[in-house]
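This report refers to the structure that appears directly beneath it.
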Amino acid sequence: MLHAGLDLSRRKLDICLFSDQGEHLDQLVVPPDVDSLKALARRIEEVHAEPVMAVIESMTGARIVHDTLEACGWSVEIADAQKVKGLAPLACKTDKIDSKVLATLSHRDLVPAIWLPDPRVREERELARFRLHLVKHKSALKNRIHSTLINFGKPCPVTDLFGVEGRRLLEKLQVPEPWRSNITASVELIDDLEDQIADANKRLKQGHADHPYIPLLMSAPGIGWVLAFTIASEIGEIDRFESPQKLAGYTGLCPRVIQSGESDRRGPITKHGPTYLRWALIEATMHALRHPAYSERYQRTKKRLGKQRGAKIAQIDVARRLAHAIWHMLSRSEEFAPRGAAFRLAA
């Protein structure tokens, strides 16, 4: 067995090759394109004629390297970049040294490998994430229009500036150029984005309405169809989480823990894990905190920590509790029902 450490950058892939006895065999550099990766696999097979165990850090582009080399017969793991830094802190950091560190971790069987979603889960994630990307662009344009009105002292007498009455107001709005043209262009872009978001919603429901997690997730407070699909796609398979605490840790909503001797401090949330899963849980929490299962705990935490600081911390606390509930729901294939409730509670 050969052990290969792969360090990927925009223009090259550094490869460090170790034997099964830990001997440094070769140091290579190839372009990170599919043809070059296939040629690399053929070259190493011709020279060494042994199976290869490779490691690459998680980053943009790592997946295509993984897929291409696995198709060539290699066994490739993607390592958690943060954990690699913890295992092998470096005084001098170069691409060549990074590849050597990864090969060493593979040889010593210390790779902090991450879970790799299958093509179905990757497709689901891309659909949900692109929809969210469109929504963020739409919100940014709306905020820009509201900002223009405030800057020119124009009141907004309607509840929805982008409803029927609001559109009439925007058409008659008297502001100088180039702000007038920018508002018109922004409204047109918002309409186009809304059409694309509607099309994305249609694709989600047509192709993935039979996802087994979605009906269960929709029984929880604050989770509608879109959030349910986003959470389901980001979690992937619930079986990979041994406990509700593991799932909560994966969301990145748990506080940092800093311990040394008798000192034990808690910092801000780690934010490790999928950004989109964290967003979906926080979004659901905005409604869940008014639900009987969580409202009392939310109000108690907010009061204890103060209105300003406490509200945010209490919201994150409820999001973690919701993650715990989701683990139980999906693991047991049961709808939302808080422990101890006299009757089933649903959204």
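What percent do you get for the relative contact order of the chain when only Cα pairs under 8 Å and 6+ apart count? Once normalised by length, the contact order is 12 percent.
For the Cα trace of region 44-146, dividing Rg by the Kirkwood Rh returns an Rg/Rh value of 1.14. Accessible surface area normalised per residue over region 206-347 is 56 Å², counting heavy atoms of protein chains with a 1.4 Å rolling probe.
Summarise the long-distance tail of P(r) for region 1-105 by giving the % of C-alpha pairs beyond 20 Å.
Working: 1634 of 5460 pairs.
Of all Cα-Cα pairs in region 1-105, 30 percent lie more than 20 Å apart.
The separation of region 162-213 from region 24-75, counted between C-alpha centres, amounts to 45 Å.
Computed about its Cα centre, the charge dipole of region 285-336 is approximately 480 debye, with only Lys, Arg, Asp and Glu carrying charge at their Cβ. Among the lysines of region 37-164, pairs at least eight places apart or on separate chains and with Cα atoms under 17 Å apart come to 6. Think of the chain as a dipole: +1 on every Lys or Arg Cβ, -1 on every Asp or Glu Cβ, centred on the Cα centre; then among Leu87, Leu134, Val30, Leu134 lies furthest on the positive end. On full extension, the segment bounded by Ser19 and Arg304 gains 96.7 nm, given 0.36 nm per residue less the C-alpha separation.
222 nm [θ] for the chain, helices only, -39500 (n - 2.57) per DSSP H run of 4+, per residue, to 500?
Result for the chain: -18000 deg cm²/dmol, rounded to the nearest 500.
Computed about its Cα centre, the charge dipole of the chain is approximately 2280 debye, with only Lys, Arg, Asp and Glu carrying charge at their Cβ. Computed over region 153-273, the Cα gyration tensor eigenvalues convert (square root of 5λ each) into semi-axes of 42, 25, 12 Å, ordered from largest to smallest. Region 85-155 and region 287-315 have Cα centres separated by 29 Å. Applying both filters, DSSP loop and at most 15 other Cβ atoms within 10 Å, to the GluC sites (Glu not before Pro) of region 177-276 gives Glu237, Glu242, Glu262. In a reduced charge model with +1 at each Lys and Arg Cβ and -1 at each Asp and Glu Cβ, region 235-333 shows a dipole moment near 560 debye about its Cα centre. Each label point was placed 7 Å from the Cα along the Cα-to-Cβ direction; for Val30 and Ser9 their separation is 1.9 nm.
For Leu305, the solvent-accessible surface computed with a 1.4 Å probe is close to 50 Å², ligands and nucleic acids excluded. Taking every protein chain into account, the 1.4 Å probe leaves Met59 with about 70 Å² of accessible area, to the nearest ten.
Please give me, ordered by residue number, the GluC sites (Glu not before Pro) of region 1-88 that lie in loop per DSSP and have at most 14 other Cβ atoms within 10 Å. Answer by residue number: Glu23. At an R0 of 30 angstrom, the distance between the Cβ atoms of Glu335 and Arg120 translates into a FRET efficiency of 0.80. The loop-placed trypsin sites (Lys or Arg not before Pro) in region 99-201, going by DSSP, that have at most 13 neighbouring Cβ atoms within 10 Å of their Cβ come out as Arg108.
Here the accessible area of the chain is 51 percent carbon and sulfur, with a 1.4 angstrom probe and all protein chains present. Along the chain, the longest continuous region that contains none of the chymotrypsin sites (Phe, Trp or Tyr not before Pro) in a DSSP loop with at most 14 other C-beta atoms within 10 Å is 153-342. According to the Kirkwood relation over distinct C-alpha pairs, the hydrodynamic radius of region 171-224 is 14.4 Å. Think of region 290-331 as a dipole: +1 on every Lys or Arg Cβ, -1 on every Asp or Glu Cβ, centred on the Cα centre; then among Ile313, Trp327, His291, Ile313 lies furthest on the positive end. Site pair Met286 and His272 shows an inter-label distance of 2.9 nm when each label is modelled 7 Å from Cα along Cα→Cβ. Within region 246-347, the ratio Rg/Rh, alpha carbon atoms throughout and Rh by Kirkwood, equals 1.00.
The Cα atoms of the chain cover 75, 58, 45 Å along the three principal axes, with the biggest extent listed first. Across the protein chains, with a 1.4 Å probe defining accessible surface, the residues Cys254, Cys92, Cys16 rank Cys92, Cys254, Cys16 from largest area downward.
The values are calculated or read from the model by the stated rules, or taken from the named source; none is laboratory data. Please read all numbers here as calculations on a predicted model, not as lab measurements. Every residue, glycine among them, receives a Cβ derived from its backbone with ideal geometry; neighbour counts consider all protein chains shown. To get the accessible areas, we keep the full protein, side chains included, count just its heavy atoms, and leave off ligands, DNA and RNA. Shrake-Rupley method; radii C 1.70, N 1.55, O 1.52, S 1.80 Å.
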